[in-house]
Amino acid sequence: MQLPKELRSPVSAETVLRKRTALRKELLKQPNLLPVRIAILGGSTTQEIRSILEIFLLAHAIQPSFYESAYGAWHEEVMYQSPELWSFKPDIVFVHTTWHNVSRFPDLLQPEAEVVELARAEMARFEAFWRKIHEDLGAIVIQNNFDLPRSRPLGNIEAAESYGRVNFLLRLNAGFARHAATHSRFLIDDILYLSAQAGLSQWFDYGYWYNYHMAVSPVATVSLAQNVAAIVKAVYGKTKKCLVLDLDNTLWGGVIGDDGLQNLVLGRDHPVGEAFTAFQRYLKALRARGVLLAVCSKNDPENAREGFSHPDTVLKLDDFSAFKANWNPKPDNIREIAAELNIGLDSLVFVDDNPAERAIVAAQLPEVAVPDVGSDVSLFAEALEREAFFEPVRIVVDDLDRAAYYSGNAQRTNYESAFASYEDFLASLEMRAEIGPFAPVYLERIAQLVNKTNQFNLTTRRYTAAEVEAIATDPASIALYGRLADRFGDNGLVSVLIGKVRRQAVEIATWLMSCRVLKREMEYAMFDALVEECRERGVREILGVYIPSRKNGMVAEHYAALGFSRLPDGPDGSTLWRYEVPAAWSPRAAHIRRTGRPAMRTANV
């Protein structure tokens, strides 16, 4: 669904605060909301944060249930194991601390060596706190870094001298960043950036602090809640995958078909042209970290392609995973882009300078995000940033290669047409699959895939990174990943299978696969690996469940195709299946060569 207009960028904080009750009521009508338990541990008052955070989470189809710590008891409730918090069993712990919650700042003229030790002690206090959350509660931590105080008794020396408060807070922020870099279940809510964006006078209000102990003003709370919701959305794989772009007056100034290449406004010789170049540079950075780019333009295809030969263009034709330039309605082209890339319409964001085109796409394709970018190209990137469509939790290697994966798929499609039979085509691909138990190097990608894959997904169950790590070392689990490569390149990690062993049976809790490798026998290769694992463990039967969702109808008969027998259906509409592990086994994947299986190792927190 399209967001209520009050939650579309640019968001009016005053409107959200005024209409929060009506917005909540409207958003709760959505089907298939994802339940998530969130504990808010506050170093200051958090009721306003909870209220607004719920609105933005519901806007992402996430239905939160909340636990709030007592005022200022953020540290004590964890370190002394609050029974209420422990019984709540949060999936995520959001730690809302600010500069007010630093236990001690340096004294005036305190020697730098002592300041370093003071910072080390403060970091140790927080690290022990985070470790207990991870180990005892098994939750992901979203932790504020530190904002800055409005007042500076030492003036600019606050930043220059090691004993200054600003200097000390930035030192702690650097420590928080180092911790985040080495702990996958620790995520930073960057309130240093948010407060700078808002301005400290808007971020912190003395009246609200002294009257209510609110460390963030109500207006700034809206941007804080929006940012935290974006992180939670990313944790559960609800970020977008592809940015669909118009061309004329979106990627360059002017109309390529009328003005010609030489008259396009692009490059540093023109102030508006420089803005277009900056926007292209921003898009190039998105692509570099795994966001797919596509073109949807009403244009002659040759003219459209010619625009990317301009000497000042940053983007090139091979930066785009799909290219639709014709005179068809844009909603039709966008549907074709989604089908060509084999991703859902709800994975797309559409950017066009023309408000009429934006309105048509929003009306006909409500699943597609259509931000109101306006017509000023200098503000396009900011409009995309505000809604955090592509917010990442981590950048993994497979993200960097995503555009190449889809480019390889296009080559495979063209190559397929040269063969008389599909079997000959599969044989010619020279496919190689690496299938093995969950390994530490792949855990982040596994968690990412589990939370993003919707179509080839038998149960659509979601797992946090902590749960994936626990499964990896659970002797009662069969946890397999699969990578697939062929003559056109590496598709990356594309399949995950998780089963729970009970006596002589294994129940498949999760089985999913990226749609970019559909019909390549990868599902057979994963099943081969599962059967072999069962035979090694003495498991005699495999139990499967298919839980229907809005998107996974393509796998409704998956178990039947593998030779499972159907059992009586579950009361929730799920179908149940049984397969007897045979004494002799012949692999099903005829065209995939299996490679080694790394030994399972314990992952770091």
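The values are calculated or read from the model by the stated rules, or taken from the named source; none is laboratory data. These numbers were taken from a predicted model, which means no experiment stands behind them. Cβ placement follows ideal geometry from the backbone for every residue including glycine, while neighbour counts extend to all protein chains displayed.
Run residue 356 past the list (1) closer than 20 Å to residue 255 by Cα; (2) surrounded by 15 or more Cβ atoms within 10 Å (Cβ to Cβ) and report the number of the one that doesn't hold.
Unmet for residue 356, out of (1) closer than 20 Å to residue 255 by Cα; (2) surrounded by 15 or more Cβ atoms within 10 Å (Cβ to Cβ): (2).
Please work out which residue is surrounded by the most Cβ atoms within 10 Å (Cβ to Cβ), limiting yourself to region 270-314 and to residues that are over 24 Å from residue 349 (Cβ atoms) and not acidic (Asp, Glu).
Among those that are over 24 Å from residue 349 (Cβ atoms) and not acidic (Asp, Glu), it is 273.
Is it the case that some residue within region 184-196 is at positive phi and assigned by TED's automatic domain parsing to the domain that holds residue 118?
No, region 184-196 has no match at all.
Looking only at region 46-78, count how many residues are within 18 Å of residue 100 (Cα to Cα) and of a type outside the set (Asp, Glu).
10
So in region 319-348, with the set limited to residues that are in contact with a Ser or Thr (Cβ under 7 Å, 6 or more places away or on another chain) and at pLDDT below 95, which one is surrounded by the most Cβ atoms within 10 Å (Cβ to Cβ)?
321
One line per residue, one yes/no per condition, for (1) closer than 30 Å to residue 15 by Cβ; (2) under 30 Å from the mean Cα position of the chain (by Cα):
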site	(1), (2)
193	yes, yes
196	yes, yes
231	yes, yes
240	yes, yes
243	yes, yes
251	no, yes
270	no, no
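Considering each residue of region 181-208, count those that are in contact (Cβ under 8 Å) with a residue 12 or more places away in the chain and within 26 Å of residue 54 (Cβ to Cβ), and give that number.
16
Please count how many residues of region 470-526 are part of a loop (DSSP other than H, G, I, E, B) and closer than 19 Å to residue 538 by Cβ.
Within region 470-526, residues that are part of a loop (DSSP other than H, G, I, E, B) and closer than 19 Å to residue 538 by Cβ number 5.
If you scan region 201-238, which residues turn out to be on the phi > 0 side of the Ramachandran plot and out of contact with any helix residue (DSSP H, G or I) (no Cβ under 6 Å at 6 or more places or on another chain)?
Residue satisfying the conditions is 213 alone.
What number goes with the only condition from (1) of a type in the set (Gly, Ala, Ser); (2) surrounded by fewer than 20 Cβ atoms within 10 Å (Cβ to Cβ); (3) modelled with pLDDT of 95 or more that residue 267 does not pass?
(3)
It is to be established whether one or more residues within region 510-521 are modelled with pLDDT of 95 or more, in contact with a helix residue (DSSP H, G or I) (Cβ under 9 Å, 6 or more places away or on another chain), surrounded by fewer than 19 Cβ atoms within 10 Å (Cβ to Cβ) and charged (D, E, K, R).
No; the residues of region 510-521 include none that is modelled with pLDDT of 95 or more, in contact with a helix residue (DSSP H, G or I) (Cβ under 9 Å, 6 or more places away or on another chain), surrounded by fewer than 19 Cβ atoms within 10 Å (Cβ to Cβ) and charged (D, E, K, R).
Limited to region 279-293, what total is found for residues that are in contact (Cβ under 8 Å) with a residue 40 or more places away in the chain and farther than 15 Å from residue 308 by Cα?
Result for region 279-293: 8.
Can you tell which of 521, 430, 423, 467 is touching a residue at least 40 places away in the same chain (Cβ under 8 Å) and either of a type in the set (Gly, Ala, Ser) or closer than 21 Å to residue 139 by Cβ (or both)?
Answer to the check: 467.
Looking only at residues that are modelled with pLDDT of 95 or more and aromatic (Phe, Trp, Tyr) in region 198-253, which one is surrounded by the fewest Cβ atoms within 10 Å (Cβ to Cβ)?
This residue is 210.
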